[in-house]
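The values are calculated or read from the model by the stated rules, or taken from the named source; none is laboratory data. In this text, all values refer to a predicted model and were calculated from it rather than measured experimentally. Glycine gets a Cβ as well: all are built from the backbone with ideal geometry, and neighbour counts include every protein chain shown.
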Amino acid sequence: MATTTFTGWRNSWRRNPPNRGAGRTDKTGEPALAAEQLTPDILLRAYAAGLFPMAESAEDPDIFWVEPEIRGVIPLDDFHVSKSLRRTIRRCPYDIRFNTAFEAVMRGCAAPGPGRPSTWINETIFELYSSLHRLGHAHSVEAWRGDELVGGLYGVSLRAAFFGESMFSRATDSSKICLVHLVERLRARGFRLLDTQFTTEHLKSFGAVDVPREDYEVLLEAALEGGDIPFD
């Protein structure tokens with residue numbers, strides 16, 4: 001792959017996005033992107049430009065690009081953990097592992113659950129992020145109880161930025177504990193940005209904040225300035 005600055009990627013993307021003329025449009029007017037048009041390289045360029053993909057549903061094979069006006073971010077130097085969760089973590093209810101069952105974590109995130117009859121993780125997204133995982137750019141944090149995967153999360157790393165994608169829980173506090181371990185690892189490795197895409201009341205309890213797009217782009221560019229940071 002040719003050496004290109006991330007600023008150059010962003011400017012090139014704005015001039016000529018690869019989904020131009022791809023057909024169906026989403027609610028914001030961005031054309032949908034068919035599965036055959038996607039590559040891991042395109043996805044990384046999208047993240048560098050401040051975009052991420054979603055699907056209308058797990059059954060829809062196409063995706064569209066999302067670029068929120070307000071972005072969710074967890075400041076790594078202002079991460080909150082409640083006293084009750086700290087007590088739970090000290091009891092070590094789960095074995096926390098990294099990158100041992102990435103595809104199983106994605107399947108867990110894609111599965112319907114209470115209050116979540118369907119998700120946006122379709123087969124296109126599953127295959128694409130599995131490819132990113134094999135290339136070392138997508139990672140999972142997993143909560144195990146014996147041989148059973150009971151919770152986890154996954155996301156994308158790019159230089160000093162980590163983009164959280166989704167999480168799931170099948171046991172009390174399992175995904176929360178995975179998030180705590182993720183933040184500990186990001187801090188230890190020197191990451192500068194934890195992007196949650198959107199905020200929820202659940203994420204706000206950990207310190208997630210809403211950031212206007214212009215401010216987010218400053219944070220993103222700063223996180224992409226240096227060299228690659230190993231996640232493992």
Can you confirm whether Ser118 is more than 15 Å from Glu165 (Cα to Cα) and of a type in the set (Ser, Thr, Tyr)?
yes
Hey, can you tell me all the residues within the stretch 103-141 that are assigned to a strand (DSSP E or B) and under 13 Å from the mean Cα position of the chain (by Cα)?
Ala138, His139, Ser140, Val141
(1) out of contact with any strand residue (DSSP E or B) (no Cβ under 6 Å at 6 or more places or on another chain); (2) modelled with pLDDT of 90 or more; (3) of a type outside the set (Val, Ile, Thr): which one isn't true of Asp60, the others all being true?
(2)
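Residues to consider are Leu219, Leu193; find the one that is buried (at least 17 other Cβ atoms within 10 Å of the Cβ) and within 15 Å of the chain's Cα centre (by Cα). Steps first, answer last, please.
On the way: Leu219 fails: within 15 Å of the chain's Cα centre (by Cα).
So the residue among Leu219, Leu193 that is buried (at least 17 other Cβ atoms within 10 Å of the Cβ) and within 15 Å of the chain's Cα centre (by Cα) is Leu193.
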Test: Leu153 is buried (at least 16 other Cβ atoms within 10 Å of the Cβ), in the same structural domain as Met106 (by TED's automatic domain parsing) and touching a strand residue (DSSP E or B) at 6+ places or on another chain (Cβ under 9 Å):
yes
I need every pair where a residue in the stretch 61-88 that is within 22 Å of Leu43 (Cβ to Cβ) has its Cβ under 8 Å from the Cβ of a residue that is among the basic types (Lys, Arg) and at pLDDT 95 or above, sequence separation at least 6 or different chains.
Glu67/Arg213; Pro68/Arg213; Glu69/Arg213; Arg71/Arg213
Apart from one, (1) modelled with pLDDT under 95; (2) small (Gly, Ala, Ser); (3) touching a Phe, Trp or Tyr at 6+ places or on another chain (Cβ under 6 Å) all hold for Ala111; the odd one out is (3)
